[in-house]
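Below is one structure, written out as structure tokens, with a few remarks after it.
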Amino acid sequence: MTATFAKQRKGFTLVELAVVVVIIGVLAAFGVPRFLQSVERSKASEAFAYLSAVRTAQERYHAREATYADQVSKLDIQAASPKYFSTDGTVAAGSTGELQNSWTLTLTRAGSSAGYGAYTVTFTDQGFDKANSTIVDDINPIGAQAAKSK
């Protein structure tokens, strides 16, 4: 009886290995898109953090000068320039058409964006401007909140 146990096979059959490969493939099919989405959301949060810092600096500038700055370089901004987004640094007049009362600044996604394209994030003196931004809610760090507010 011990001789039959000694001759038992060791290892996995081809069918067992194929089942494991299929299971790993199914898990990866669900996991990889979610991973790419979370990576892109973290990159988008960089734009939101930068634009929030610009908004705060604009309010300080407005308190001193009675107008908003027309260039980001004029602001005492406490944030580094965004790595994954591009802007020319020019601040445009906002909804009133004059920099004394309002402003707007748009950042455009530079480089590859995991299939989301060159989306934009726009801020005004009122905060995030969902109407003029092209970022989708899937990667918007404040997606659900922004959809409710506008």
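The numbers here are math on the coordinates, done by the rules we state, and not lab data. Note that this is a predicted model, so its numbers are computed, not measured. No Cβ is skipped: glycine too gets one built from the backbone with ideal geometry, and neighbour counts run over all protein chains shown.
Here are some notes:
- Taking only Cα atoms of segment 63-150, radius of gyration then Dmax in Å: 14.0, 43
- Overall dimensions of segment 81-122 as given by Cα atoms, namely Rg and Dmax in Å: 12.6, 39
- On Cα atoms only, tilt of 14-65 relative to the major axis of the chain in degrees: 10
- Simple Cβ-charge dipole of segment 47-150, Lys/Arg +1 and Asp/Glu -1, about Cα centre, in debye nearest 20: 220
- Note that segment 125-139 has calculated 3J(HN,Hα) couplings of 5, 8, x, 4, 9, 5, 5, 9, 9, 10, 5, 7, 4, 4, 10 Hz, one per residue in order, obtained from phi through the Karplus relation 6.51 cos²θ - 1.76 cosθ + 1.60 (θ = phi - 60°); glycine and proline are x.
- Volume per residue that the Cα convex hull of the chain spans, once the total is divided by residue count, Å³: 167
- Of the peptides 107-117, 37-47, the ranking by mean beta-carbon count within 10 Å, highest at the top, reads 37-47, 107-117.
- Residues Lys83, Lys10, Lys74, Lys130, sorted so that the one with the fewest Cβ neighbours within 10 Å comes first: Lys10, Lys83, Lys74, Lys130
- Helix-only CD estimate at 222 nm, as mean residue ellipticity for the chain, using -39500 (n - 2.57) per DSSP H run (n ≥ 4): -15000 deg cm²/dmol
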